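One structure is given below, encoded as structure tokens.
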Amino acid sequence: MRFNFQIEREVDGRWIAEIPEVRGAMAYGATVEEAKAKAYAIALHAVAEDVEASREIPTSISVLEQSA
């Protein structure tokens, strides 16, 4: 699974990072890295909620099964 960030600097100096593919995955930070990390966490949480609700793993996520 890959996320594409859109990053901009606000007039007040804060950075905003958005992942357009995931609704609501937008966050501010004092640095680019902070904004990206926050947006990434929001996106992962949103994907986890979608998987839990649908009980299906998206084909874009690789899951390996190992036998005991």
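For residue 14 and residue 51, compute 0.36 nm times the residue count separating them, minus their Cα-Cα distance, and round to one decimal in nm.
That works out to 10.1 nm of additional length.
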Open item on the list: Show me the ranking of peptides 35-48, 7-20 by mean Cβ neighbours inside 10 Å, starting with the highest.
Closed with: 35-48, 7-20
Task: Length gained when the stretch residue 33-residue 21 is fully extended (0.36 nm per residue, less Cα-Cα span) - done: 2.4 nm
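The numbers here are math on the coordinates, done by the rules we state, and not lab data. The model shown is predicted, which means the values in this text are computed figures rather than measured ones. With ideal geometry, Cβ positions are generated from the backbone for all residues, glycine too; neighbour counts draw on all protein chains shown.
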